[in-house]
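Written below as structure tokens is the structure these notes are about.
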Amino acid sequence: MEMFHFRGTADVIIARQRGRGIAKAIGFGLVDQTIIAYIISELAIKLNAFSEKGYMGIRTIAGCREESELGIEVRLFDQFHGLSRGQITNVEKLVDDMDMIRDRAHGTVMTFRKWLVSPLHID
């Protein structure tokens, strides 16, 4: 997992570019690469603005059923609970999976996943 700490706008741009590069390397199309870059950018800006001590990790993931199922995972670590679910509603609509865990020892951990082939959602 590649880790990014945000001290300014330049760090946000570096994380966004690296996330787009990872997405391209595993086979996401141009539209999904752009969506992933947007997600990373929005989350990094929020983390930079609302958290005194937070960072982001980006990595490639494989589905547990098939090794050919690939995706990208973006994980935010906010040690001072500066971020809330309400601040990221625009991003939540663009990802396939989202988890949020809060505990006193580690703070808030938000995990977002986008799969190369999106899972079927039936409402």
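Per the listing Gly21, Gly86, the residue uniquely surrounded by fewer than 18 Cβ atoms within 10 Å (Cβ to Cβ), at pLDDT below 85, small (Gly, Ala, Ser) and outside any loop (DSSP other than H, G, I, E, B) is Gly86. Tally the residues that are in contact with a helix residue (DSSP H, G or I) (Cβ under 7 Å, 6 or more places away or on another chain), of a type in the set (D, E, K, R) and farther than 13 Å from Leu47 by Cβ, restricting the search to region 3-31. Qualifying residue count for the region: 2. Filtered by the rule that a residue be surrounded by fewer than 20 Cβ atoms within 10 Å (Cβ to Cβ) and within 13 Å of Arg59 (Cα to Cα), region 5-18 gives a lone residue, Arg18.
If you go through region 41-56 and pick out every residue that is over 15 Å from Ile13 (Cβ atoms), of a type in the set (Ser, Thr, Tyr) and at pLDDT 75 or above, you end up with 1.
Does Arg20 fit the bill of being of a type in the set (D, E, K, R) and more than 16 Å from Val91 (Cβ to Cβ)? Steps first, please.
On the way: of a type in the set (D, E, K, R): yes; more than 16 Å from Val91 (Cβ to Cβ): no.
Spelling it out, it is not the case that Arg20 is of a type in the set (D, E, K, R) and more than 16 Å from Val91 (Cβ to Cβ).
The values are calculated or read from the model by the stated rules, or taken from the named source; none is laboratory data. In this text, all values refer to a predicted model and were calculated from it rather than measured experimentally. Positions of Cβ are backbone-derived with ideal geometry, glycine not excepted, and every protein chain shown enters the neighbour counts.
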